Amino acid sequence: MTDTDVGPATVGYTGFVLEIPAHANYATDARIFAAAVARDLGLDHERIEDLKLAVSEAFANVVHGGLVGCAVLELFPETGRLRVRVTGIDPGLSHPLRETADDLDRGLDLLEALVGPLEVSDDGDGTPTLGFCVSLDR
Amino acid sequence: MALEPLQIESELLDDHVILRLQGDLDMASSTDIDLRLSDLANQRIYRVIVDLTSVTFIDSMGLGSLINGRKALEAVGGTLTLVADDGPARRLLTLTKLDEAFPTFDTVEAARRER
């Protein structure tokens with residue numbers, strides 16, 4: 001390793017957290033953040049693209065309806081996997097995660113197809129959460 | 001982190017309107033496509049080709065806008081044809097199996113030849 005090669009930015013971190021406004025315009029930021037972490041963890045291009053798509057679908061589902069609050073994207077590298085969680089935080093409004101809108105249903109179906117079972121938490125307190133894991137095995 | 005807005009270029013070629021998209025087609029930009037395609041349907045533009053080869057990212061919301069646009073055009077007797085290479089659009093169409101339902105071509109020229 002040279003002086004300029006400091007190694008992966010993920011070394012020494014147990015989790016990565018991004019808090020952004022719960023608005024469609026910030027979906028790009030969520031994707032960029034997730035892709036940067038995934039790149040540091042050594043995921044290949046195709047799996048990074050899958051992760052970006054999964055994060056985008058989760059973000060869209062959590063923030064649909066234009067929450068006033070914020071969304072939190074968390075990524076936790078674990079042994080052999082990356083645990084991802086997207087939470088909408090809006091104490092003033094609560095809404096169901098699963099909407100009847102075709103786009104959102106399609107998004108959840110796609111998300112499940114990409115990452116498998118989803119961890120869904122929607123207790124009506126204004127903090128709907130979608131979680132999933134992606135494999136880090138090469 | 002900067003947001004790169006979706007660019008939409010429109011071109012009239014013979015009896016086709018070609019929309020060339022560049023950038024991310026997601027929940028933030030899907031409304032732009034919804035509006036553009038419903039405008040074309042209202043104008044009774046019957047043959048629309050959406051070129052997705054320069055789309056850098058597309059999710060289900062983006063896909064939904066294309067599906068809505070297709071429905072709007074078909075309601076007035078029109079068609080919506082897609083152009084997608086090996087990029088994200090083709091990948092999503094394949095993942096969702098919509099490539100079997102949506103007429104999709106590798107190039108605009110091939111899409112224009114389709115009758």
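Derivation of every value follows stated rules applied to the coordinates shown; laboratory data play no part. Please read these numbers as outputs of a predicted model, since none were measured by experiment. Note: ideal-geometry Cβ built from the backbone for every residue, glycine included; neighbour counts use all protein chains shown.
Data for the structure
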{"read-out": "Shielding by partners, peptide A:56-64 (average Cβ within 10 angstrom, other chains)", "value": "3"}
{"read-out": "Radius, Kirkwood style, for the range B:9-71 when every pair of distinct Cα atoms is counted (Å)", "value": "11.7"}
{"read-out": "Residues whose placed amide H lies under 5 Å from that of B:THR79, excluding near-sequence neighbours", "value": "B:ARG47, B:VAL48"}
{"read-out": "Packing-based exposure ordering (other Cβ within 10 Å, fewest first) of B:VAL76, A:VAL86", "value": "B:VAL76, A:VAL86"}
{"read-out": "Gaussian network model of chain B, springs between alpha carbon atoms under 10 Å - residue of B:THR79, B:THR94, B:THR31 with greatest fluctuation", "value": "B:THR94"}
{"read-out": "Residue order, fewest to most beta carbons within 10 Å, for A:LEU53, A:LEU41", "value": "A:LEU41, A:LEU53"}
{"read-out": "In sequence order, calculated HN-Hα J values of the range B:100-106 (Karplus, 6.51, -1.76, 1.60; Hz; x Gly/Pro)", "value": "7, 9, 9, x, 10, 10, 7"}
{"read-out": "Estimated vicinal HN-Hα couplings, Hz - the range B:14-29 in sequence order (Karplus 6.51, -1.76, 1.60; Gly, Pro = x)", "value": "6, 9, 10, 9, 10, 9, 9, 9, 9, x, 8, 10, 9, 5, 7, 10"}
{"read-out": "Distant alpha-carbon pairs in chain B (separation over 26 angstrom), percent", "value": "9"}
